[in-house]
Amino acid sequence: MASSGDLARALALVLGLPEASIATVMRALRNDNMITMKGRGTSAAAMTSTDAAVVLTAICSGAVTSQIADVTNRLLRMRHVASFVSRDLTGLDQLEALGSRLFRLSDSSIFIDALTVLLDENSPISHYEDDGPTPVHALYPYGKLNFELWMDPMKVGGLAMIKAYITSDITITKYYSSWNLKREAMLKPFEPSIDSFEVESSFLSGVRLSGSVFAKAISSLGERVTTTRTRQVAGKGRR
């Protein structure tokens, strides 16, 4: 099972960033009780899928150290505003899609829910319902997964787009944002884009991550922790 140091090394390698930079981000999150805290070295607590989701969001935010916790919290709490399936689901396709926890997320979900599910359900040690269909691996092929995070210059508003497989050839794109969809975008049967949202700024900064980044995070997590710990993440108590 991966410690925070293991996760930092894995993400630094796949993102091409200094390990010290990742460690600084994680330290800021830990100081605000946003990721698991316990021990050092061999006694350090193992990271969870939620921890990895929080860390990836913080890295993508590009916030300065003093603002990492606040900005990350705002992003993690972005509400679900839209979902788009690449084609109509019928028959066996619909049954297969029901095996995806990402597909089954309710409209009341927030961004941290979606990102955690994406990491968690694609782990080789994930547990699925015994009587449910076996989901496809949402990340493969890596080049097809699309994760984008956009923010305004003041890092007050944001938009996250997660595109992943729910069957062997059908994708779902889920949108989480602090911005509303434009009225005309709601009426069109097309996949929304960044231009489909009521963004108050004329300049946005964005980050795109490939499936290989998520796969590296998943592989670094290793086995699950056998005990659970409760902490406050994005305004909610989570286990």
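The values are calculated or read from the model by the stated rules, or taken from the named source; none is laboratory data. Bear in mind the structure is a predicted one, so any value in this text is a computation, not a measurement. Note that we place each Cβ from the backbone using ideal geometry, even for glycine, and neighbour counts take in every protein chain shown.
Let's see how each residue does on (1) part of a strand (DSSP E or B); (2) surrounded by 14 or more Cβ atoms within 10 Å (Cβ to Cβ); (3) more than 17 Å from the chain's Cα centre (by Cα):
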| position | (1), (2), (3) |
| --- | --- |
| 25 | no, yes, no |
| 29 | no, yes, no |
| 37 | no, yes, yes |
| 45 | no, yes, yes |
| 50 | no, yes, no |
| 66 | no, no, yes |
| 81 | yes, yes, no |
Every listed condition ((1) modelled with pLDDT of 85 or more; (2) over 18 Å from the mean Cα position of the chain (by Cα); (3) farther than 24 Å from residue 120 by Cβ) holds for residue 170 save (3)
Checked against (1) under 21 Å from residue 88 (Cα atoms); (2) at pLDDT 90 or above, residue 159 satisfies every condition except (1)
Those residues of the stretch 68-79 which are in a loop (DSSP other than H, G, I, E, B) and of a type outside the set (Lys, Arg) amount to 78
Within the stretch 87-102, residues being touching a residue at least 40 places away in the same chain (Cβ under 8 Å) and touching a Lys or Arg at 6+ places or on another chain (Cβ under 9 Å) number 3
Taking the stretch 89-102 and the residues there that are under 25 Å from the mean Cα position of the chain (by Cα) and in a loop (DSSP other than H, G, I, E, B), the one that is modelled with the highest pLDDT would be 89
Only unsatisfied item for residue 121, checking (1) acidic (Asp, Glu); (2) at pLDDT 90 or above; (3) under 14 Å from the mean Cα position of the chain (by Cα), is (2)
Quick check on residue 173: is it out of contact with any Ser or Thr (no Cβ under 6 Å at 6 or more places or on another chain), closer than 14 Å to residue 81 by Cα and among the β-branched types (Val, Ile, Thr)? yes
Counting only residues in the stretch 160-181 that are out of contact with any strand residue (DSSP E or B) (no Cβ under 6 Å at 6 or more places or on another chain) and hydroxyl-bearing (Ser, Thr, Tyr), the one surrounded by the fewest Cβ atoms within 10 Å (Cβ to Cβ) is identified as 168
